[in-house]
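Report on the structure given below.
All of the numbers you see were taken from the coordinates with simple rules; none came from a lab. None of these values were measured; they are calculated from a predicted model. Cβ placement follows ideal geometry from the backbone for every residue including glycine, while neighbour counts extend to all protein chains displayed.
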Amino acid sequence: QVQLVESGGGLVQPGGSLRLSCAASGSIFRIHYMGWARQAPGKQRELVATITSGGSINYADSVKGRFGISRDNAKNTVYLQMNSLKPEDTAVYYCYADANSLRYWGQGTQVTVSS
């Protein structure tokens, strides 16, 4: 089992920045991938960014050049730095971890981009 706890969401103006954090606990030695997904009202959940245990990174086209994912293995934490935020980035952001062919999800944190 893997437990994930997100933090760092909130309200930000367009063009602003936020950093999300996700702390993992439990069977963390089994984690191969960690990442972030988001779900806006009335839309399907979409993967935003992924980082492997080896440090390989992938981003959705919609966030390339604006978001950055990083991982602190000593703290078992993954971060999502979000810059140049747009109203269309408004969503609940979920951290996830893939371990032993299972995907674990955090509880989600709301990000609202509005003036």
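Could you work out the longest stretch of the chain that avoids the trypsin sites (Lys or Arg not before Pro) located in DSSP loops with at most 13 other Cβ atoms within 10 Å? Longest stretch, sites excluded: 1-42.
Largest GNM mean-square fluctuation across ASN58, ASN73, ASN83, computed for the chain with C-alpha springs under 10 Å, falls on ASN73. Counting only C-alpha contacts under 8 Å and six or more residues apart, can you give the relative contact order of the chain as a whole percent? Reported relative contact order: 37 percent.
Among DSSP bridges having both ends in the chain, what percentage is antiparallel? Round to the nearest 5.
Expressed as a percentage, antiparallel bridges in the chain total about 95.
Over every Cα atom in the range 23-78, the radius of gyration and the widest Cα-Cα span, Dmax, amount to 12.4, 37 Å. Under the simplified labelling scheme, the ALA60-GLN3 pair shows an inter-label distance of 2.8 nm, with each label point 7 Å from Cα along Cα→Cβ.
Only lysines eight or more places from LYS86 in sequence, or on another chain, were considered; those with a Cα closer than 20 Å are LYS43, LYS64. Choose one answer from LEU85, LEU102, LEU47: the residue with the largest mean-square fluctuation in a GNM of the chain with alpha-carbon springs under 10 Å. Of LEU85, LEU102, LEU47, the most mobile in the Gaussian network model is LEU102.
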